[in-house]
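Each remark here refers to the structure printed beneath this line.
The values are calculated or read from the model by the stated rules, or taken from the named source; none is laboratory data. What you see is a predicted model, and the numbers here were worked out from it, not measured in a lab. Backbone-built Cβ (ideal geometry, glycine too); neighbour counts: all protein chains shown. Just the protein is used for accessible areas: all its heavy atoms, side chains included, with ligands, DNA and RNA removed. Shrake-Rupley method; radii C 1.70, N 1.55, O 1.52, S 1.80 Å.
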Amino acid sequence: MTKQERNGTVVEMTEGVTNEGFQEDEEQETGNLGRHEDGSVPPVVLSPNGEECAYTQIKPYAGMPKEVLLLYSNQARYRLPREILFWLLILSTLALVALTITVIAMSPRCLHWWQASAVYQIYPRSFKDSDNNGVGDLKGIREKLDHFEYLNIKAIWISPFYKSPMKDFGYDVEDFRDIDPLFGTMQDFDDLLSSMHEKGLKLIMDYIPNHTSDKHPWFQLSRNRTSGYEDFYIWTDCPGAIPPNNWVSIFGNSSWTFDEVRGQCYLHQFLKEQPDLNFRNPSVRKEMTDVIRFWLDKGVDGFRMDAVKHILEAKHLRDEPQVDPNQPPETVDSEFELYHDYTTSQLGLHDILRGWRVDMDEYSREPGRYRFMVTESYDYEEVDKTMMYYGTEHVRESDFPFNFYLIDLPNRLSGEGVFDLVNLWMTNMPKGKWPNWVVGNHDKPRISSSAGPEYTRVINMLLLTLPGTPTTYYGEEIGMQNVNVTEIQDPFGKFNPNATRDPQRSPMQWNGGEYAGFSENKTWLPIHPDYTTVNVEFQKSESGSVLQQYRALSLLRERELALHRGWMCFLRRDRNVFAFVRELDGLSRAFLVVLNFGGPAVTDLSDVPELPAELTVRVGTGGREGQRLPKSRIDTRPGEGLVLEYSSHRRLHPGHASSCFVSEKACYLAAMDILYKC
């Protein structure tokens, strides 16, 4: 026996005897260390003065050694809570994973940027002049980007600014990879695009595939029969410079012009300075696809495909049928005197467009960088041809073709007439596709002039409350009208002065100063005399102005689920009023839109049980916000529009399926504030 003394404490250690035949059961030792046979914990024996004393540790303590820790960790009161917490954690994790998968699977697709915002068209010659030469430019557009933020618009389509001889103001392209000096430089473009993206704005370019300028290097090489370029354009023999058939240009007269250098005629469906490319030549298709990729590489967000129905022509070059078979053939000189069976919408056209969609999809893989594609094709009464640009259920094409049917609104100015134009598109549009609405552009008279300024507000309300994407031509947000032009600039107008497009292309009216804030020197076209009050600066400060109403509707459309992705149900139409409902399943708040395109009217909707007895004016063109109107007597004046809000859990569309439409069905779950597929 030995003794050690430390700090006044004596610890006795007795020599033991080693049992050579003993083998430890490690698991048993660990489990029963320091335990009596009955499982109780023995006292710890300390002998400070050589005398034994007993001390029992009642609960675990900080700093306990492993051996003591193991004594307590295996007790049921400590083991069971650990196991319960462990399995609760496993079950919670599995539940969260299942919930996440369910939410993702049940969530509807998020709207793309071109669905969430209106599209604003800029005609660059007329938007803002930064260098005071009288013509708008890219720097001028950059100076006015705050205007789009004010309007709550995020998608801007800019008409052509390619290098061009300007025979058709940019639609005759001399170089698809350069900027015309009139509008600036490539650096100006890069700066504009960068500034737009910094503000969350998207840029849509005009893409002009059908033709080039006759100054384009390709045409010069082709007319000289340079190897590889002989068939870049549509050439044919025409002895005596006599056109090979009766095809007529969009601008009038023959579509064929004799070229003395080549000794053949070439096709041009527009001006003679705009020869048609030969898209049956694979080299042409490759070159034009490379043009798309060039601008996508720069970061452009989408393209408006110009005049796509003209891209292909019949190879046989037969005469097209006359609308009036009795008309002397030699007098046929305008496009509306022929049926264009061989110069438009030819077999193979949609294959070309679908190929471009595939190319653009390659650039759309980056999150938030979807590349938008819209096609332009005036098909008039042949709406089925327009709908083909949507693609099919399995093969995508354009995101939507421009809907030009509302441009005819001034000729159908009544509740019934507007319903017919809206219904034409909605009933012919393929299921699940996205609609759009256009009332004006650089080729058509301004809607405030053609329909009358008293209808400007109600037409803007129509555009911004219908389902789908509205397109606004610059100046429509303030009610600009056509100007009188004495000196025609438009090439089409020089052929037919009665059809000049100059009046709708006058400079944007920014303020009441000289030259309307467009320039400080001069303007390429005259400014409308009403610019002192019909301008952005004045209307920003005028309560209830056309501009302020446009902005209010734009913000409302973005904020209200029922307006930007809900059902639309036609409710009433007569010679005066067109009314429809916007609603979303699961969302109690809905909207009744009442638009007057005729005379004074009182609309009685007491026979519609889904509507409550009273509704509240959310936005009105006549300053009636906040008024409560009975559904049995909704009075409107000519040109007045009302967006009436109401709350109800009864939906219209289940009982009116034939008059209700939705592009991408979704339901709202109020308990979780989410949308889900239903």
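For Gln489 and Glu454, the difference between the fully extended length at 0.36 nm per residue and the C-alpha to C-alpha distance is 9.7 nm. Against the chain, whose longest principal axis comes from its Cα atoms, helix 456-465 is set at around 40 degrees. Considering only Asn482, Met387, Leu296, the residue lying farthest towards the positive end of the dipole of the chain is Asn482, judged by Cα position with unit charges set on Cβ.
Is the shape of segment 365-512 rounded, prolate or oblate, going by the alpha carbon gyration tensor and its root eigenvalues a ≥ b ≥ c, with a/c under 1.5 for rounded and a/b larger than b/c for prolate? Cα axes put segment 365-512 in the prolate bin.
When you restrict to C-alpha pairs under 8 Å that are six or more residues apart and normalise by the size of the chain, the relative contact order lands at 10 percent. Of the residues Leu347, Leu409, the one with the largest accessible area comes first in the ranking Leu347, Leu409, computed with a 1.4 Å probe on protein heavy atoms. Computed over the alpha-carbon atoms, the chain gives an Rg to Rh ratio of 1.25, Rh here being the Kirkwood radius from the mean inverse distance. Label-to-label distance for Val358 and Asp420 is 4.3 nm, based on points extended 7 Å past Cα in the beta-carbon direction.
Helical content of the chain, expressed as a calculated mean residue ellipticity at 222 nm, amounts to -7500 deg cm²/dmol (DSSP H runs of 4 or more residues, -39,500 (n - 2.57) each, divided by residue number, nearest 500). Only protein heavy atoms count here; on that basis, with a 1.4 Å probe, Asp290 has an accessible area of about 50 Å². For the residue pairs Lys128/Lys540; Lys315/Lys433; Lys128/Lys202; Lys139/Lys444; Lys144/Lys309; Lys199/Lys298, alpha carbon separations beyond 24 Å are given by Lys315/Lys433; Lys139/Lys444; Lys144/Lys309.
Simple spin-label estimate for Asn132 and Leu89 gives 7.3 nm between the two label positions (7 Å along the Cα-to-Cβ direction from each Cα).
You can think of it this way: the chain between Phe336 and Thr289 has 13.7 nm of extra reach, that is 0.36 nm per residue less the Cα-Cα gap. Please state the shape class of segment 101-227: rounded when a/c is under 1.5, otherwise prolate if a/b exceeds b/c and oblate if not, all from the C-alpha gyration tensor. Taking the square roots of the gyration eigenvalues as a ≥ b ≥ c, segment 101-227 is oblate. Rounded to the nearest 20 debye, the dipole size of the chain about its Cα centre is 1560 debye, using +1 on the Cβ of Lys and Arg and -1 on the Cβ of Asp and Glu.
Here segment 529-678 is assigned +1 on the Cβ of each Lys and Arg and -1 on the Cβ of each Asp and Glu. Its dipole about the Cα centre then comes out at about 240 debye. Rounded to the nearest whole Hz, the Karplus-based 3J(HN,Hα) values (6.51 cos²θ - 1.76 cosθ + 1.60, θ = phi - 60°) of segment 472-483 follow the sequence 10, 7, 3, x, 5, 6, 10, x, 5, 10, 4, 10, with x at glycine and proline. Within the straight-line cut-off of under 16 Å between alpha carbons, the lysines reachable from Lys215 are Lys163, Lys167, Lys272, sequence neighbours fewer than 8 places apart in one chain being disregarded. Rounded to the nearest 10 degrees, the inclination of helix 282-298 to the longest alpha-carbon principal axis of the chain is 50 degrees. Excluding ligands, DNA and RNA, the accessible surface per residue across segment 258-303 is 35 Å² with a 1.4 Å probe. For Arg575 and Val395, a Förster radius of 60 Å and the Cβ-Cβ distance give a FRET efficiency of 0.90, rounded to the nearest 0.05. Estimated at the nearest 10 Å², the accessible area of Ile352 is 10 Å² with a 1.4 Å probe. Looking at the chain, the DSSP beta bridges with both ends there are about 70 percent antiparallel.
Placing unit charges on the Cβ atoms only, positive for Lys and Arg and negative for Asp and Glu, gives segment 204-305 a dipole magnitude near 100 debye about its Cα centre. Label point of Glu625 set 7 angstrom out along Cα-Cβ; within segment 455-487, no amide nitrogen lies under 13 Å from it. Where the accessible area of the chain is counted over protein heavy atoms with a 1.4 Å probe, how much of it, in %, is carbon and sulfur? Carbon and sulfur atoms account for 51 percent of the accessible area of the chain. Placing R0 at 35 angstrom, the Cβ-Cβ distance between Asp175 and Asn326 gives a FRET efficiency of 0.15 after rounding to 0.05. Rank Ile90, Gly513, Tyr455 by how far each Cα sits towards the positive end of the charge dipole of the chain (+1 on Lys, Arg Cβ; -1 on Asp, Glu Cβ) and give me just the farthest. Highest projection toward the positive end goes to Tyr455. Between the Cα long axis of helix 76-106 and the first principal axis of the chain there is an angle of about 10°, rounded to the nearest 10.
Spacing of the modelled spin labels on Asn253 and Leu555, each 7 Å from Cα toward Cβ, amounts to 5.4 nm.
Amide H contacts of Asp276 (H built 1.01 Å from N, in plane; Pro and chain starts excluded): Ile234, Leu267, His268, Gln269 sit under 5 Å, all sequence-distant by 5 or more or on other chains. Legend: P(r) of segment 208-283 from all alpha carbon pair distances, 10 Å bins from 0, whole percents, reading 22, 56, 22, 1. In the context of the full set of protein chains, segment 360-507 has a per residue accessible area of 36 Å² (1.4 Å probe).
Ligands, DNA and RNA are left out, and with a 1.4 angstrom probe the accessible area of segment 576-660 is 38 Å² per residue.
Residue separation of Arg225 and Ala105 scaled by 0.36 nm, minus their Cα-Cα distance, works out to 37.4 nm of gained length.
For segment 559-676, the convex hull drawn through the C-alpha positions has a volume of 106 cubic angstrom per residue.
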